[in-house]
Amino acid sequence: MTLMAPPPLDQQEDDEMLVPHNDLADGPQPMEVAPAETASAVDAQSVDDPPSARFTWTIDNFSRLNTKKLYSDIFIVGGYKWRILIFPKGNNVDHLSMYLDVADSATLPYGWSRYAQFSLSVVNQIHKKYSIRKDTQHQFNARESDWGFTSFMPLGELYDPGRGYLVNDTCIIEADVTVRRVIDYWSHDSKKETGYVGLKNQGATCYMNSLLQTLYHIPYFRKAVYHMPTTENDMPSGSIPLALQSLFYKLQYSDTGVATKELTKSFGWDTYDSFMQHDVQELNRVLCEKLEDKMKRTVVEGTIQQLFEGHHMNYIECINVDYKSTRKESFYDLQLDVKGCQDVYASFDKYVEVERLEGDNKYHAEQHGLQDARKGVLFIDFPPVLQLQLKRFEYDFMRDTMVKINDRYEFPLQLDLDREDGKYLSPEAERSVRNLYTLHSSQV
């Protein structure tokens, strides 16, 4: 789930009431890009640029290589020796296999370790923009002294002379390597280093932890949770509001990782549930519904709606007669197609794509009978915090199961939904409102 968020909606101090309902402006509020919350002293400290370098490896007579694997010359980054390892005919797959290797791993002292972020590329010598590049990161050690991609690119594409990856039987490979400080996770002080602490995983609750961290870092939401009324007789394990208040408080003031067992107990979960992977979108909806119900008849009533609710208009418009049917609907999140879409904008284009109702699929327009028509959806207003659910799974009828869509998909740091003269907006939309969002979090 991806959340886009504007700046905090209120600049009041922490000890002030956040959402008195009579002070909230009606209707959608302008979206502006602004810095996040004030950085801590830790954030302000300067950090030296990590050592990085690019190594280019030109391999002649590539198609005539008669070896299972091949190493490049050694190159130095960050004072360490590296080399590229390839399997020209694939490492037991029909793909080029390519890895970054620690060149002197056999002679390093016991317990050695080094951490690198790196990319490996096969250069397209005809059109460089079609070069294939893959990025990853790894903490190298004696057991894992090489790391990379077993299925880097199909051999059929690599060896096709018209594709541009082999020109005059020459292949060009590049490695961009950045060496970073090895993190000792056992002694790492998250609070000291970042100003924040994490949530402990109960077994399979990483998806829930990501959602909770996302909600916690929306100041408007966090403060509203703090102001939900609870009684001295409430127990966190039996009260979602109190459990969430307790968890948020510990995230804000604890020096170590925070447990989530009280919160999951308030959901009615047992240990078995904590070891099951749940749907994060469904969890978000259930949690927000429960909080919305608990906020009724309190000073923070309407907070969930104020933050997350937007509206769109479904319409059917006849082509040959003057008839149009519209229906306004609210949404708390949007489900966007990934398959066949390069990025978020392409998904929004598909979302508002006009469908033609004609032939056997004509629209029955009351007194006009069956008519050719256009059907679609346009947005009346977007919420201050926009939640996008990417449809990464689809049903495979041949295998009778859900399969994941692993297509490359891009999302910008800023999302402008007023683009192309407001192509996503309905005629009823308030055009003076700026629908510009900043990426707040991405849950993968």
What helix-only [θ] at 222 nm does the chain give? Using -39500 (n - 2.57) per DSSP H run of at least 4, over all residues, to the nearest 500, the answer is -5500 deg cm²/dmol
Would you mind counting up the charge near Pro383? Only other residues with Cβ under 11 Å from its Cβ, with Lys and Arg at +1 and Asp and Glu at -1.
-> -3
Which whole-number percent is the relative contact order of the chain (Cα, under 8 Å, 6+ apart)?
-> 18 percent
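Give me the dipole magnitude in Debye, nearest 20, for the chain about the Cα centre, with unit charges on the beta carbon: positive for Lys and Arg, negative for Asp and Glu.
In debye, rounded to 20, the chain gives about 1580.
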Using a ≥ b ≥ c from the Cα gyration tensor of region 182-273 (square roots of the eigenvalues), is it rounded, prolate or oblate, where a/c under 1.5 gives rounded and otherwise the larger of a/b and b/c decides, a/b for prolate?
-> oblate
Heavy atoms of His217: accessible area, 1.4 Å probe, square angstrom to 10 | 50 Å²
Pop out the carbon and sulfur fraction of the accessible area of the chain as a percent, whole number, probe 1.4 Å.
-> 47 percent
On the full set of protein chains, 1.4 Å probe, figure out the accessible area of Asp421 and give it in Å² to the nearest 10.
-> 140 Å²
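The values are calculated or read from the model by the stated rules, or taken from the named source; none is laboratory data. All values derive from a computational prediction rather than experimental measurement. Glycine also receives a Cβ, built like all others from the backbone with ideal geometry; neighbour counts cover every protein chain displayed. Only protein heavy atoms, including side chains, enter the accessible area calculation; ligands, DNA and RNA are left aside. Shrake-Rupley method; radii C 1.70, N 1.55, O 1.52, S 1.80 Å.
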